[in-house]
Amino acid sequence: MTLESAIRNLVIANRILAHEGVVDAYGHVSIRHPDNPQHYLLSRSRSPELVEAGDIMEFTFDGAAVGGDKRQPYLERFIHGSIYASRPEVTAVVHSHADDVLPFSVSLTTRLRPVVHTAGCMGNHIPLWDIRNKFGDTNMLVTNVEQGRDLATTLERNNVVLMCGHGFAAAGRSLAEAVRIAVYLPKNARVYMEALRLGEVRVLSPGEVEQKMVKNPNAPEIVRAWEYWAKRAGCGHLLDGAV
Ligand SMILES: [Zn+2]
């Protein structure tokens, strides 16, 4: 994929996540640099709905802006670099504060589980990271490399990590896959929360989740959703066929 396509897709991803309510003024999405796997691309500190191609900056894994770029970066960019550093197969990362997942990030008894088939892509195990365990009282944000690495260690080989009282980070092998996980995770949390009000809940079995984990991160069912969400978000004109 060319750098130009990657940046265009990253703009689309920002708009999709905003339009689908996964991010609001806060939250962000990044991709690994297509020509340099040791770098990643992420907007300057700007709300995702407003992000344009000119806002995209390039970073090293330790969060330093490349090329003397002095624009204000996101404070929590360390989430992204740390996950890319520990997961070579990951090419896109989403960070969100979506309300619907937050109850499961603070409950001491009920863990988030996949319950609807569209959310099988989130995986069987969704680890929970509490910044307090290692760093004590903080402002709850991931603002340095050490915190980012600790988060990435808890994510381990999973697709999603919940962040206590904060939100989640999702990792994908393609940008479309990361966006898909991030869109369906809050939907699944909403359904699960409603179902819990009714009593006992049937959750997806490990075997069902296994069958929902797509082998190809650019499979037709993923590209289909990408195109749909992009058009809904008003940026169908930015689609160039490469995700
Ligand atoms: Zn955050």
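When N counts the residues of the chain, how does its alpha-carbon radius of gyration compare numerically with 2.2 N^0.38 Å, as a ratio? Please list the in-between numbers first.
Values: Rg = 16.9 Å, N = 243, 2.2 N^0.38 = 17.7 Å.
That works out to 0.95 for the chain.
Efficiency by 1/(1 + (r/R0)^6): what FRET value for residue 146 and residue 201, r their Cβ-Cβ distance, R0 = 25 Å, to the nearest 0.05? Working shown, then result.
Numbers: r = 37 Å, r/R0 = 1.48.
So, using R0 = 25 Å, E works out to roughly 0.10.
For the chain, what is the calculated [θ] at 222 nm in deg cm²/dmol (nearest 500), taking -39500 (n - 2.57) for each run of four or more DSSP H residues and dividing by its residue count? Walk me through the intermediate numbers first.
Working: 8 runs with 91 residues, N = 243.
Mean residue ellipticity at 222 nm (helix-derived): -11500 deg cm²/dmol.
Give me 95, 39 ranked fewest to most by other Cβ atoms within 10 Å of their Cβ, as a rough exposure proxy.
Numbers: 95 27, 39 17.
Ascending Cβ contact count within 10 Å gives the list 39, 95.
Taking 41 Å as R0, compute the FRET efficiency from the Cβ-Cβ separation of residue 25 and residue 216 and round it to 0.05. Write down the numbers at each step before the final one.
Numbers: r = 34 Å, r/R0 = 0.83.
Computed FRET efficiency for residue 25 and residue 216 comes out at 0.75.
Can you list the DSSP H helices in the chain whose Cα atoms extend at least 20 Å along the helix axis and whose mean Kyte-Doolittle hydropathy is -0.5 or higher? Intermediate results must be reported in sequence, preceding the final value.
Details: long enough: 3-19 (24 Å, 0.65); 175-198 (35 Å, 0.46).
What comes out of the filter, once short or polar helices are dropped, is 3-19, 175-198.
If you bin every alpha carbon distance in the range 1-67 into 5 Å steps from zero, what whole percent lands in each bin?
4, 20, 30, 23, 17, 6, 1
Sequence-distant or interchain residues sharing an amide H contact under 5 Å with residue 98, placed H: which?
168
Using a cut-off of 14 Å between alpha-carbon atoms, which aspartates and glutamates can reach residue 187, once sequence neighbours fewer than 8 places away in the same chain are excluded?
Answer for residue 187, where 14 Å is the Cα cut-off: 20, 99, 100, listed by chain and number.
We did not get these values from a lab; they are worked out from the coordinates using the rules stated. Note that the structure is predicted; figures quoted are calculated from it, not measured. Cβ sites come from the backbone with ideal geometry, for glycine too, and all protein chains shown count toward neighbours.
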